[in-house]
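Below is one structure; the comments refer to it alone.
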Amino acid sequence: QVQLVESGGGLVQSGGSLRLSCTASGRTFSRSAMGWFRQAPGKERAFVATISGIGGPTLYADSVKGRFTISRDNAKNTVYLQMNSLKPEDTAVYYCAATNGQIIATIQNAYNYWGQGTMVTVSS
């Protein structure tokens, strides 16, 4: 059974940093594109960042570009999201997702597996 488990969320002040982790079990995702999405209160879930299966190309939402960095450690079957210069508008539940392919994707339908989410709250 495939599972994605996120960790690292919490409460942080505006301007602070957090690092989210997503560890997969049940199969290896070393060749799979993986991504992060977020759902703010009262809003639909939205794309944040994605990384290709070989850990090469990445893509970010404009709202986080230059502040967030996605990376992966295939030996640990884990993907990370380093979030710096956090703003109150970054407050959301953050979800990790994985595809069955290598190509990065920004649409939710491209992802086959999802974690349960981790809450990030940024106070002003």
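Some notes on this structure:
- Within the accessible area of the stretch 19-100, the carbon and sulfur atoms contribute 48%, probe 1.4 Å, all protein chains present.
- Normalised by 2.2 N^0.38 Å, with N the number of residues, the alpha-carbon radius of gyration of the stretch 1-90 equals 1.09.
- Positive contributions from Lys and Arg (+1) and negative ones from Asp and Glu (-1), summed over other residues with Cβ under 14 Å from the Cβ of Pro41, come out at 0.
- For the stretch 64-118, trypsin sites (Lys or Arg not before Pro) are listed when DSSP marks them as loop and at most 16 other Cβ atoms sit within 10 Å of their Cβ; the list is Lys65, Arg67.
The values are calculated or read from the model by the stated rules, or taken from the named source; none is laboratory data. Only a predicted model underlies this, so the values are computations on that prediction, with no experimental measurement involved. A quick note on method: Cβ atoms are made from the backbone with ideal geometry, for glycine too, and the neighbour counts reach across all protein chains shown. With ligands, DNA and RNA removed, areas are computed over all heavy atoms of the protein, side chains included. Shrake-Rupley method; radii C 1.70, N 1.55, O 1.52, S 1.80 Å.
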